[in-house]
Amino acid sequence: MKTVYTCFSTDVIHDGHVNIINNAKKYGKVIVGCLTDKEMIRCTKFPTTTIEERMELYKTIDGVDEVIVQDNMLYDDVIEKLHPDYVVHGDNWKSGAEKSVRDHVEALLNAYGGEIIDVPYTYNEDVKKVDDRLREKLGMPEYRRKRLRQLIEMTPVVKVMEAHSGLTGLIVEKTVVEGDNGRLDQFDGMWVSSLCDSTDKGKPDIELVDMSSRLNTINDIMEVTTKPIILDGDTGGLTEHFVYNVRTLERMGVSAIIIEDKTGLKKNSLFGTEVVQTQDSIENFSEKIRAGKKAQLSDDFMIIARIESLILERGMEDALERAFAFAAAGADGIMIHSRKKDPTEIFTFCDKFREKDKKTPIVVVPTSFNQVTEEELASHGVNIVIYANQLMRAAFPVMKKTAEGILKAHRAKEVDDSLMPFKDIIRLIDEI
Ligand code: SPV
Ligand code: MG
């Protein structure tokens, strides 16, 4: 009897999956691989069930003979073990980011004479409804909020990209690339930066854009995405106000707020000591963290303390003293910031912090020390890497150049080649 293999990475079974199994059954014994969580988050949707639950679910499908774990999105582990005669998959993997996976599987099968069977993808109302419902579920506050904590456990480093609008949110939500060795990859979450949110409104980054406006930005992003959100909460404001904002944010489904240990008129950290900025005392800031943690109602929400000692050139010892004090006050993570061009001081901080504290998540924002890789940061104990402003910085120069080009030519023809075709922009956003 021939062996037929297919891989599932879904929490819900619909007509499309049943169709795959029915086709597979025609060729022999059907083995279904259940993709592990850590692989699922790189290439498909975030799981809303455990791997054990998914495996049980797949066993209930008529025609399935065996269910096994697949721990590599490129199938190396299962193909090496099973040498299946056939691998069956929906033909949607013949194009788009998943094509690299298909190419890889094809090469593995060719080595011993195995074959791929591409089954026409099932597009019908039921399949669409199941997909839509799953996406809606992931966007619900209780799922979205806890996802950051889950990701910290699931992946060596959580990759977060800034979003300041529905559109940038969609880019972070949907961008999937073929990364190293054909493996797919995507961002894990979104950072609602004070710098980019303010800049998008034409305002300076000085806590001028008020919380109602920030919440509107978050809401715009939430409307069209499911990935977890970390809010740049600036100083957190008055402790008396902060506690209310914590409640609002967790109710909305925001996963974390990062507040920085500054007081008075806040300016952007990348100014460093070029402008006057005042650091809060350890006592006051610890009190703010304690009050926030006390106000919080869910177990999921995270309050992360951001330390500005390196930015303000107060030294490593001060940064570490604060980190330990804020963790003791209940902070769910420590963000250490630097505007040095190389990551040495960030590495030193992380290594020293990890000597005493193995668990509290560390967050970094490599804007100026941008040569550092996620892997290097993770090797120093970093858990979350935030790309804090790159989408905004990418958009501005192109928009400005386009405006200048039209002004100079007194028509739009000259800039058109560098623009997205208008036929594409009208179809960019899906209708329900
Ligand atoms: C932001 O993105 O607004 C930040 C990070 O706070 S930084 O701009 O580097 O201070
Ligand atoms: Mg900021």
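Sorted by packing (mean other beta-carbon atoms within 10 Å per residue), highest first, where do 254-260, 37-43 land?
Details: 254-260: 26.0, 37-43: 18.4.
Listed from highest to lowest mean packing, they are 254-260, 37-43.
Only Lys, Arg, Asp and Glu count, each charged at its Cβ (+1, +1, -1, -1), so figure out the dipole size of the stretch 276-432 about its Cα centre, rounded to 20 debye.
Numbers: 23 positive and 26 negative charges, 84 e Å.
Magnitude of the dipole: close to 400 debye.
Of LEU419, LEU82, how do they rank once you tally other Cβ atoms within 10 Å and put the fewest first?
Values: LEU419 13, LEU82 17.
Placing the least packed residue first, the sequence is LEU419, LEU82.
Measure nothing but the geometry: give the 0 to 90° angle between the long axis through the Cα atoms of 99-110 and the longest principal axis through the Cα atoms of the chain, rounded to 10°.
Tilt of helix 99-110: around 40 degrees.
Between the alpha-carbon centers of the stretch 237-285 and the stretch 103-119, tell me the distance in whole angstrom.
The stretch 237-285 and the stretch 103-119 have Cα centres spaced 54 Å from each other.
Please give the Cα centre distance for the stretch 376-432 versus the stretch 151-200, rounded to the nearest Å.
Taking the Cα centre of each part, the stretch 376-432 and the stretch 151-200 sit 15 Å apart.
Highest mean first, what order results for 193-204, 114-125, 94-105 on Cβ atoms within 10 Å? Can you show the working numbers first?
On the way: 193-204: 18.5, 114-125: 14.2, 94-105: 16.9.
Top to bottom by mean Cβ count within 10 Å: 193-204, 94-105, 114-125.
Please state the charge dipole magnitude for the chain, taken about the Cα centre, from unit charges on C-beta atoms (+1 on K and R, -1 on D and E), reported in debye and rounded to the nearest 20.
Values: 58 positive and 74 negative charges, 146 e Å.
Magnitude of the dipole: close to 700 debye.
Looking at LEU57, SER379, LEU238, which one has the Cα that reaches farthest to the positive end of the dipole of the chain (charges on Cβ: Lys, Arg +1; Asp, Glu -1)?
Projecting each Cα onto the dipole axis, the largest value belongs to LEU238.
What is the pair-distance distribution P(r) of the chain, computed from all Cα-Cα distances in 20 Å bins starting at 0, with each bin given as a whole percent?
For the chain, the pair-distance distribution reads 23, 49, 26, 2.
Regarding the stretch 140-388, what are the three Cα extents along the principal axes, ordered largest first, in Å?
In descending order, the Cα extents are 42, 41, 36 Å.
Identify, among ILE218, THR367, ILE41, the residue whose Cα sits farthest towards the positive end of the charge dipole of the chain, taking +1 on the Cβ of Lys and Arg and -1 on the Cβ of Asp and Glu, with the dipole about the Cα centre.
Result: ILE218.
Using a cut-off of 23 Å between alpha-carbon atoms, which lysines can reach LYS2, once sequence neighbours fewer than 8 places away in the same chain are excluded?
LYS25, LYS26, LYS29, LYS59, LYS81
Rounding to the nearest 20 debye, state how big the charge dipole of the stretch 109-192 is about its Cα centre with +1 on each Lys and Arg Cβ and -1 on each Asp and Glu Cβ.
Numbers: 13 positive and 15 negative charges, 104 e Å.
Value, rounded to 20: 500 debye.
Using the 10 angstrom Cβ neighbour count as an exposure proxy, how do PHE422, PHE285, PHE187 rank, fewest first?
Least crowded to most crowded, the residues run PHE422, PHE187, PHE285.
Translational D (Stokes-Einstein, µm²/s) of the stretch 3-129 at 25 °C and 0.890 mPa s when Rh comes from the Kirkwood sum over C-alpha pairs?
Working: Rh = 14.6 Å.
Estimated via Stokes-Einstein, D reaches 168 µm²/s.
If each residue's Cβ is checked for other Cβ atoms within 10 Å, how do ILE282, ILE218 rank with the fewest at the top?
Numbers: ILE282 16, ILE218 22.
Listing ILE282, ILE218 from fewest to most nearby Cβ atoms yields ILE282, ILE218.
Normalised by the empirical 2.2 N^0.38 Å for globular proteins, what value does the Cα Rg of the stretch 360-432 take?
It is 1.71.
Read-outs: derived from the displayed coordinates by stated rules, not from any lab. All of these numbers come straight from a predicted model, not from anything done at the bench. Ideal geometry is used to build each Cβ from the backbone, glycine not excepted, and the neighbour counts take in all protein chains shown.
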